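Step one of this worksheet: look at the structure below.
Derivation of every value follows stated rules applied to the coordinates shown; laboratory data play no part. In this text, all values refer to a predicted model and were calculated from it rather than measured experimentally. Cβ placement follows ideal geometry from the backbone for every residue including glycine, while neighbour counts extend to all protein chains displayed.
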Amino acid sequence: MTDYLASILRDITVECDVDYVGIWEIVGRLRWLKLSNEIVFNDSMFIIGRLLENPGIIVGQFANKKFCKWEMKKGDIITKIEREWVDLGRDPDLGEIVWFVGPWAKDLDYPFK
């Protein structure tokens, strides 16, 4: 793992301990490095794969102002994220595709009331 990937993974993991983190935050940090579209996509998916190895990270999306945890296997989550990103035809934006959060949020409602 490169230093920049390790740094982004560490920062995102720490942020998940206190807040909801969306995929666009990972993508934005990689875009800031002026990487190609292919590298941004591949590195984002690498970071997401590593996040999913952390048993304390919850993955999901909001529906009706409630966070809904995805009850899927790691491979299925990665496939879903990849497919939805490709279907968008652009980088994910605020609120799109997926959120990551630490275990503290399992019973919380929508954070933007």
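Treating the beta-carbon of each Lys and Arg as +1 and of each Asp and Glu as -1, no other charges, what is the dipole magnitude of the chain about its Cα centre, to the nearest 20 debye?
On the way: 15 positive and 19 negative charges, 32 e Å.
Dipole of the chain, to the nearest 20 debye: 160 debye.
Excluding the sites themselves, what is the longest stretch of the chain that contains no GluC sites (Glu not before Pro) in a DSSP loop with at most 14 other C-beta atoms within 10 Å? That gives 1-52 as the longest site-free run. With contacts taken as Cα pairs under 8 Å at a separation of at least 6 residues, the chain carries a relative contact order of 39 percent.
Can you check what the Kirkwood hydrodynamic radius comes to for the chain, Cα pairs only, in Å to one decimal?
Values: mean 1/r = 0.0701 Å⁻¹.
Result for the chain, one decimal place: 14.3 Å.
Note: relative contact order over segment 13-79, using C-alpha pairs below 8 Å and six or more positions apart, is 23 percent. Once backbone amide H atoms are built at 1.01 Å from N, TRP70 has VAL59, GLY60, GLN61 as its partners under 5 Å, excluding neighbours fewer than 5 places away on the same chain.
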